[in-house]
Amino acid sequence: NDLAYLTLVALLVVASILTFNLELKYVSFDPDLAYVSGLNTRAYYYLVYTLVALTLSATVKIYGVVVAGVLIATPSVISVYLLRSYRAETAIAFSTTISLVGYSVSYLTGAQVSMCIGAISLTLLTTGTLIRWLNGRRPNS
């Protein structure tokens, strides 16, 4: 039931983003020019706010508050930490991978989903720190 709900929300969000991709980029990068060009910037802002709220409410409902925070923050940190840049696609890929692996491990072991996702996130962050350290970069640089 929870997986079906999360899948439905994910499909709705992805479909909305794909449908309005160009307009969302336009409004995000230069809202004044988008407004002058005739786009209803207020409507697109409300669309973004609605999609974020829908995603967060589904995530909190399924995973809980703490794990939702981990799933929001960890992929971005890993992306910047390992790749030295932030790309939304990379963060989404990390978040999806962490979520699916966490659910799978939870299903196979009978452990709580939040514990599995937290352990996977901690493992990825520790691995990223070790990789940076072995490459001669300090973890905080």
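Values quoted throughout were computed directly from the atomic coordinates according to the rules given, and no laboratory measurement underlies them. On a predicted model such as this, the values are computed, not experimentally measured, just so you know. Virtual Cβ from ideal backbone geometry, glycine too; neighbours counted across all protein chains shown.
Here are some notes:
- Where labels lie 7 Å past Cα in the beta-carbon direction, separation of A15 and D30 in nm: 3.3
- Computed label-point distance, nm, for sites L22 and S57 using a 7 Å Cα→Cβ extension: 3.1
- Annotation: extensible slack from R42 through T96 equals 16.5 nm (criterion: 0.36 nm per residue apart, minus Cα-Cα distance).
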